[in-house]
1. Restricting attention to segment A:74-81, does a residue exist that is open to solvent by 40 Å² or more (accessible area, probe 1.4 Å) and assigned to a strand (DSSP E or B)?
2. Within segment A:85-104, identify whether any single residue is more than 28 Å from B:Ser141 (Cβ to Cβ), within 13 Å of ligand 1 (Cβ to nearest atom) and open to solvent by 20 Å² or more (accessible area, probe 1.4 Å), and answer yes or no.
3. Which numbered condition in (1) away from chain A (no Cβ under 11 Å); (2) farther than 30 Å from B:Arg153 by Cβ; (3) surrounded by fewer than 18 Cβ atoms within 10 Å (Cβ to Cβ) is the only one that B:Ala230 fails?
4. Given (1) farther than 20 Å from B:Gly11 by Cβ; (2) more than 8 Å from chain A (Cβ to nearest Cβ), where does B:Phe210 come up short, assuming only one miss?
5. With A:Gly141, A:Gly100, A:Gly136 as the choices, which residue is closer than 25 Å to B:Lys208 by Cα and touching a strand residue (DSSP E or B) at 6+ places or on another chain (Cβ under 6 Å)?
6. Go through the residues of segment A:192-213 one by one and say whether even a single one is more than 14 Å from chain B (Cβ to nearest Cβ), crowded, with 16+ Cβ neighbours inside 10 Å and in contact with a helix residue (DSSP H, G or I) (Cβ under 9 Å, 6 or more places away or on another chain).
7. Is it the case, given these coordinates, that A:Ala26 is more than 14 Å from ligand 1 (Cβ to nearest atom) and either open to solvent by 20 Å² or more (accessible area, probe 1.4 Å) or more than 12 Å from every other protein chain (Cβ to nearest Cβ) (or both)?
8. Would you check if there is a residue in segment B:210-221 being more than 26 Å from A:Leu195 (Cα to Cα), in contact with a Pro (Cβ under 6 Å, 6 or more places away or on another chain) and assigned to a strand (DSSP E or B)?
Amino acid sequence: MIIAVASGKGGTGKTTVASSLALVAAEKGEVLFLDCDVEEPNGHIMLKPRWHKKETVRVPVPEINQEKCTLCGRCAEVCAFHALVVLPREVMLFPTMCHGCGGCWHLCPTGAISPGWREIGQVEEGSSGKIGFVQGRLNVGEAISPPLIQAVKERIRPGVLNIIDAPPGTSCPVIRAVKGAGFCLLVTEPTPFGLHDLELAYEMAIRLGVPCGVAVNRSDGDDSSIRQFCHDNSVPLLFQLPQDREVARGYARGIPAVEVRPEWKGHFLALLAFLEKGGYARCAN
Amino acid sequence: MRELVVLSGKGGTGKTTVCGNLAVLASSKVMADCDVDAANLYLLLDPVLKSSSPFYGLKKATINREKCLGCNLCLHLCRYDAIGPGFVVDPVLCEGCTVCYHACPCGAVEMIEHVAGHLFLSDTRYGPLVHARLGIAEDNSGKLVAAVRKEARRLAEEGTKELIITDGPPGIGCPAISCLSGADLVLVVAEPTFSGRHDLERVLELAKHFGCRAAVCINKWDLEPENTRALESLCNRYSVPVVGYLPYDESVMEAVKGGRPVIQECSGPMEEGILALWDELKALLELR
Ligand code: SF4
Ligand code: SF4
């Protein structure tokens with residue numbers, strides 16, 4: 001089973017929920033935690049894995065043989081991402097703008113361009129007790145993360161519980177992370193920001209055809225706006241975690257919420273039971 | 001005219017809340033919300049929508065079945081697996097690279113205009129606000145960010161405003177990079193958590209990479225003073241000044257819940273912190 005934890009925006013407590021869920025689930029069976037927030041992978045701070053393996057992830061980029069190049073300008077013309085500029089004496093490539101589509105090397109009339117490789121980040125694998133751990137780490141200044149997210153997801157293990165910590169937002173990187181999950185847990189907080197971002201994240205999950213449920217973080221007891229949203233859209237409201245300064249401090253020091261507040265484990269156990277029973281199948285819209 | 005870009009390395013550190021407060025304090029400015037994935041600033045500023053215009057993303061391919069000979073060349077060349085059985089293009093997967101369009105021997109591929117989002121112009125009681133909304137699953141957030149900034153610049157020039165306050169997107173990817181060019185100062189809002197340190201380091205690295213002047217504001221600094229010191233020494237290492245310290249204050253949540261900038265309801269250390277931050281920023285930006 002693959003569970004994606006998403007939130008529409010950052011800072012709602014996605015990593016808090018995902019890491020606590022992993023810890024609780026690991027008491028019952030095998031778990032793999034996949035941190036797909038490759039711009040800011042933070043899950044390792046909570047779960048403190050020991051690393052076993054590191055692999056670089058590469059994407060294709062053109063290699064230009066300036067000798068064969070006649071400066072005809074065809075490659076710059078076909079590059080929809082403006083990654084190539086033909087100067088009076090040479091062709092210049094802006095690697096971070098290149099999407100590796102291959103247009104330039106397929107269409108160059110003199111065969112001056114061939115596909116090469118460029119490193120965009122790493123996939124690191126390790127384990128934390130019984131939790132298997134995979135994370136992607138995008139190199140700083142790198143703009144394109146979906147291939148790296150893809151590389152993390154290639155490590156998904158069938159037959160175990162895979163927990164994907166998704167990046168924030170609702171654009172390509174999140175889509176790439178959540179796509180194919182069996183269930184998406186949407187973490188929100190009871191503010192207008194939280195509600196607004198929940199609406200977007202919900203729309204995204206629907207678009208991908210992934211059934212979802214909501215968890216409220218930092219609840220002050222009055223979550224009427226979120227409750228209303230869940231009711232109106234028939235999305236299950238799975239649990240509410242209260243606003244808690246000690247948990248916030250724990251987070252600050254890298255201590256997972258369920259370690260600060262073991263009594264919260266029940267919420268996660270209930271979630272696991274809900275998933276096991278396939279309760280979510282009914283919420284696929 | 002100056003542009004202040006507020007970034008954070010990740011979401012939820014209080015970037016938008018800080019921007020909302022600066023928007024109240026600055027007198028002559030335009031606000032730009034560049035978090036085009038999940039724009040939130042307008043929720044604090046009670047705006048009246050004035051205009052909305054479509055934002056066009058890269059054109060996407062469609063295949064004209066009448067002209068198609070079924071040679072499979074496009075299928076073979078498409079690196080995004082966007083072309084499915086029967087030569088139907090999946091618009092979510094198509095990145096608009098035009099490889100199929102150029103390669104097709106019989107001109108069967110057409111590139112079709114496509115609306116990827118919207119750009120909004122609003123009036124608020126604190127001044128004009130430019131914001132945007134990128135469609136779900138759309139690419140090109142960097143381009144939309146650039147469009148928001150361009151519009152804010154135009155408005156600021158037209159109204160001879162002193163300052164543009166840009167609420168940046170989270171992260172250090174394409175949209176954040178798109179916010180850096182030409183900014184006068186990047187204010188990074190950081191929090192004193194373990195992950196906050198990582199996030200801060202990555203944004204400072206990014207600002208350095210693009211040669212931008214940066215300053216840091218530590219939000220909830222008293223949550224974990226030891227980590228706050230770690231953030232300070234990190235800033236030191238990057239020769240970036242810490243220009244603000246805001247306390248952990250549950251009234252912030254209350255204000256945000258009511259959709260109001262914090263400065264209008266807080267007092268004590270929070271209020272002092274925000275005012276002091278604004279003074280420092282004014283000095284750094286050489287504003288009156
Ligand atoms: S591979 Fe595609 S995106 Fe990259 S430079 Fe060539 S045409 Fe442009
Ligand atoms: S290249 Fe043109 S003719 Fe060949 S399969 Fe693609 S659309 Fe059809």
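1. First, pick out the residues of segment A:74-81 that are open to solvent by 40 Å² or more (accessible area, probe 1.4 Å): A:74, A:77.
Now restrict to residues that are assigned to a strand (DSSP E or B): none.
Among the residues of segment A:74-81, not one is open to solvent by 40 Å² or more (accessible area, probe 1.4 Å) and assigned to a strand (DSSP E or B), which makes the answer no.
2. Scanning segment A:85-104 turns up no residue that is more than 28 Å from B:Ser141 (Cβ to Cβ), within 13 Å of ligand 1 (Cβ to nearest atom) and open to solvent by 20 Å² or more (accessible area, probe 1.4 Å).
3. Result: B:Ala230 fails condition (1) only.
4. All conditions are met except number (2).
5. Only one candidate passes the filter, namely A:Gly136.
6. So the first thing to find is which residues in segment A:192-213 are more than 14 Å from chain B (Cβ to nearest Cβ), and the list is A:211, A:213.
Checking which are crowded, with 16+ Cβ neighbours inside 10 Å leaves us with A:211, A:213.
Applying the additional criterion that residues be in contact with a helix residue (DSSP H, G or I) (Cβ under 9 Å, 6 or more places away or on another chain) yields A:211, A:213.
Yes, that holds for at least one residue.
7. Details: more than 14 Å from ligand 1 (Cβ to nearest atom): yes; either open to solvent by 20 Å² or more (accessible area, probe 1.4 Å) or more than 12 Å from every other protein chain (Cβ to nearest Cβ) (or both): yes.
When the stated conditions are applied, A:Ala26 passes them.
8. Yes, that holds for at least one residue.
The values are calculated or read from the model by the stated rules, or taken from the named source; none is laboratory data. These numbers were taken from a predicted model, which means no experiment stands behind them. Positions of Cβ are generated from backbone atoms using ideal geometry, with glycine treated the same way; all protein chains shown enter the neighbour counts. Heavy atoms of the whole protein, side chains included, go into the accessibility calculation; ligands, DNA and RNA do not. Shrake-Rupley method; radii C 1.70, N 1.55, O 1.52, S 1.80 Å.
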